[in-house]
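No lab work stands behind these numbers, since they all come straight from the coordinates. Computed from a prediction, not measured in an experiment: that's the story for all the values here. Note that we place each Cβ from the backbone using ideal geometry, even for glycine, and neighbour counts take in every protein chain shown.
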Amino acid sequence: METLEQLKTTQKIDLINGSFTASEASDIINSVLKVKINFHKFQRLSITEGNDKDECVYDNGRIAELMNEQQIAKEFFSQARLGGKKLKMRSVIQIEIED
């Protein structure tokens, strides 16, 4: 059996890499943002379950940030769509084991 020292300590996932129409890029980014927003909503729900006085400032703040990014992205994609532009997107997720 491998010990922790023998295991990889980082992982990279090449999530998005290519050229897309504005509509395709919008679909991809909106899907990712919706998943992240829902993740934080579920986290907030599990934290506040049974404690309606807990404001969950962190999760509320992160949800608001992501919703703002969603609006900014919508405007960006709309601008690209009107200009008939294609978009190049690349997203790599890096995961590291923390000590």
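Our estimate of slack between Lys34 and Thr10, defined as 0.36 nm per intervening residue step minus the Cα-Cα distance, is 6.0 nm.
For Lys74, a cut-off of 30 angstrom between C-alpha atoms picks up these lysines, skipping any fewer than 8 places away in its own chain: Lys12, Lys34, Lys36, Lys41, Lys85, Lys86, Lys88. Note on Ala64 and Ser19: the model spin-label points, each 7 Å out from Cα along the C-beta direction, lie 4.1 nm apart.
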